[in-house]
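Encoded as structure tokens, the structure appears first; notes follow it.
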Amino acid sequence: MSRATSCLSVVALIVGFAWSASAGDPSKMETHAVGDIKDLKAEIHAGSGLKVTAKVYVPNTAVTASLVRKVPQGLNPKILLLNLETKEEGIGLQVLTWVDTSYIEAASKGQFTEVSVLSAGQIIGTVKVDYVE
């Protein structure tokens, strides 16, 4: 690792951001902020209901993330709104990391067309709902 790359890593960590470069190529750099989500997926499974999954970027290994139904819901009943909530449980390693989170609810085909995830009242992710036989 070059000195410049090492210095960038330290600066990124101090301001709450982290990045990873693919095979050392700075043009393929990814930047993430604490509270970002990725791999958001929503599926209604025949007979078992809706399952929403995502990965959440957290500041340490003691932080857990959960998706909770927003109350009240929005104006469109076909769009399910979920709040992203995080909680620190104990003392963890001070490393930026991705944690899995999920939400499950009884639902039938066509009940929801989209799921939006909110943090601090702002939408941070939206995904179409897939139906799985």
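The values are calculated or read from the model by the stated rules, or taken from the named source; none is laboratory data. The model shown is predicted, which means the values in this text are computed figures rather than measured ones. Cβ: placed from backbone, ideal geometry, glycine included. Neighbour counts: every protein chain shown. Please note that ligands, DNA and RNA were not included when accessible areas were found on the heavy atoms of the full protein model with its side chains. Shrake-Rupley method; radii C 1.70, N 1.55, O 1.52, S 1.80 Å.
Points to keep in mind about this one:
- In this simple spin-label model, placing a label point 7 Å from the Cα along the Cα-to-Cβ direction at both residue 68 and residue 33 gives a separation of 2.2 nm.
- Dimensions of region 57-117 from C-alpha coordinates, computed as largest minus smallest value along each principal axis and given longest first, are 42, 21, 16 Å.
- ³J(HN,Hα), Karplus 6.51/-1.76/1.60, whole Hz, each residue of region 103-119, x for Gly, Pro: 9, 10, 8, 5, 7, 10, 3, x, 5, 10, 9, 9, 10, 10, 9, 10, 9
- Derived scalar couplings between HN and Hα for region 87-102 equal 9, 8, 10, x, 10, x, 5, 7, 10, 6, 8, 9, 10, 7, 9, 8 Hz in order, rounded to whole Hz, by the Karplus curve 6.51 cos²θ - 1.76 cosθ + 1.60 (θ = phi - 60°), x for Gly and Pro.
- Length-normalised contact order for region 46-92 - Cα pairs under 8 Å, 6+ apart - percent: 40
- Selection among 74, 60, 97 by position relative to the dipole of region 55-97 gives 74 as farthest towards the positive end (Cβ unit charges, Cα centre).
- For region 48-61, the Karplus equation 6.51 cos²θ - 1.76 cosθ + 1.60, evaluated at θ = phi - 60°, returns couplings of 10, x, 8, 10, 10, 10, 6, 10, 10, 7, 10, x, 7, 6 Hz by residue, with Gly and Pro reported as x.
- Carbon plus sulfur fraction of accessible area for region 56-133, probe 1.4 Å, in percent: 56
- Near residue 35, the amide H atoms lying under 5 Å from its own belong to 57, 58; only residues 5 or more places off or on other chains count, and H is placed 1.01 Å from N.
- Full-stretch length increase - residue 46, residue 109 - with 0.36 nm per residue and alpha-carbon distance subtracted: 21.9 nm
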